[in-house]
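A short worksheet on the structure shown next.
The values are calculated or read from the model by the stated rules, or taken from the named source; none is laboratory data. As the structure is a prediction and not an experimental result, all values here were calculated from the model. Neighbour counts run over all protein chains shown; Cβ positions are idealised from the backbone, glycine included. Accessible surface is based on the protein model in full, side chains and every heavy atom, while ligands, DNA and RNA are left aside. Shrake-Rupley method; radii C 1.70, N 1.55, O 1.52, S 1.80 Å.
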Amino acid sequence: MELVSEIKLSGKKSLQLFKGDLTDIPDNHKVDFLILSAFQDNYSPTTTSLIGALFRKGLSVGKLSRDKDLDLRAYSHCWISKEVKYPNVKRILCFEPEPISNPYSQIAEIFQSLTLVSKSHSIKSIAMPLLMTGNQNYSTELVIKELVNTSLLWLEKEPFETIKIVEIDDSKIELLKSLFKEKALHFEKNDSEAYDFFISYSRKNAEEVEIIEKELGNKFNLFIDTQEIDVGTNWLDKINQSMANSKRFIVCLSDTYIQSNVCKYEYSFCNLKYITEGSGFVLPIYLYSADLPFEMSILNFYNAREGNKQKISDFCDMILDKYKL
């Protein structure tokens, strides 16, 4: 494999772009996980897919699917194989995106899945092609933007050391190189604004969040997307960058929050912060009653239902008293 471009983060961490063949990973680039994408429940070894190329070299993804180590498809459209007998690859993660209006947003679920097993499986190195752009025929430009941005976000916060994007197609490599160059300049400048609190909320709860803003805004640097994202700014870039540069998170739970794909995307990062750094870094306030999913229902939240303004104010007083950032 030939290294084409690289974005270096803190320590030994890096996002790397290679030109090469993922069925023939050399010894010096062995990986803990090889990530590939497939149609849902379809692992046909076609002539143009990575699944097909692996099959012709003796590794059947279809066979692996019948004896999975962990099936997370109900949670994150992914499943994880048991250890495989294949040169320089320890396990396979198969990503089966749902063909919804914005399937690109599901790419973050790959990293959510890896987070769940990162400690038990000791994940340091990951390799993947430009997912979803082969037989699945999704937009190359949109996949590149989402895959690179999301890889950088999770690489900064997770114990992963290296993520390798490996492509053989010259036109895709040129598009990737352009974005790698842009992102590398950003990390070299390192001029991202730091926030004391990232406020994750549904726009339909803006009135309640305005109370939080008024009571905390004079003491802390808050990220609230309606005010902090300028017109013309790449929305997902700004969200990812702001989450990565926030010390703590206030999560405003409600029925509309759990129905919002944007909120669920933000919460996946908040949940990672909660798991890796503890409850003091994720502060949930329960604004309105909802059928909370398990991962939210177990949180020690501050109860301000049903939009109780005094309770919201008390929540802010608690933060002012406790956090001297």
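Among the residues of segment 84-97, just one is open to solvent by 80 Å² or more (accessible area, probe 1.4 Å) and not basic (Lys, Arg), namely Pro87. Residue-level analysis places Val31 outside the set of residues that are open to solvent by 30 Å² or more (accessible area, probe 1.4 Å) and among the β-branched types (Val, Ile, Thr).
Please tell me if Ile285 is among the β-branched types (Val, Ile, Thr) and open to solvent by 30 Å² or more (accessible area, probe 1.4 Å). Judged against the criteria, Ile285 is not a match. All of Ser81, Ser113, Ser37 fail the test of being touching a Cys at 6+ places or on another chain (Cβ under 8 Å) and over 26 Å from Lys145 (Cα atoms), apart from Ser81. None of Ile275, Ile258 is hydrophobic (A, V, I, L, M, F, W, C), open to solvent by 30 Å² or more (accessible area, probe 1.4 Å), at pLDDT 85 or above and assigned to a helix (DSSP H, G or I) except Ile258.
Within segment 294-325, the set of residues being surrounded by 15 or more Cβ atoms within 10 Å (Cβ to Cβ), assigned to a loop (DSSP other than H, G, I, E, B) and among the basic types (Lys, Arg) comprises just one member, Arg305. Would you mention how many residues in segment 146-162 are open to solvent by 10 Å² or more (accessible area, probe 1.4 Å) and either without any contact (Cβ under 8 Å) to a residue 12 or more places away in the chain or not in a helix (DSSP H, G or I) (or both)? The total comes to 3.
For segment 44-83, give me the residue count where each residue is part of a loop (DSSP other than H, G, I, E, B), buried (at least 17 other Cβ atoms within 10 Å of the Cβ) and without any contact (Cβ under 8 Å) to a residue 40 or more places away in the chain. Residues flagged as part of a loop (DSSP other than H, G, I, E, B), buried (at least 17 other Cβ atoms within 10 Å of the Cβ) and without any contact (Cβ under 8 Å) to a residue 40 or more places away in the chain within segment 44-83 amount to 3.
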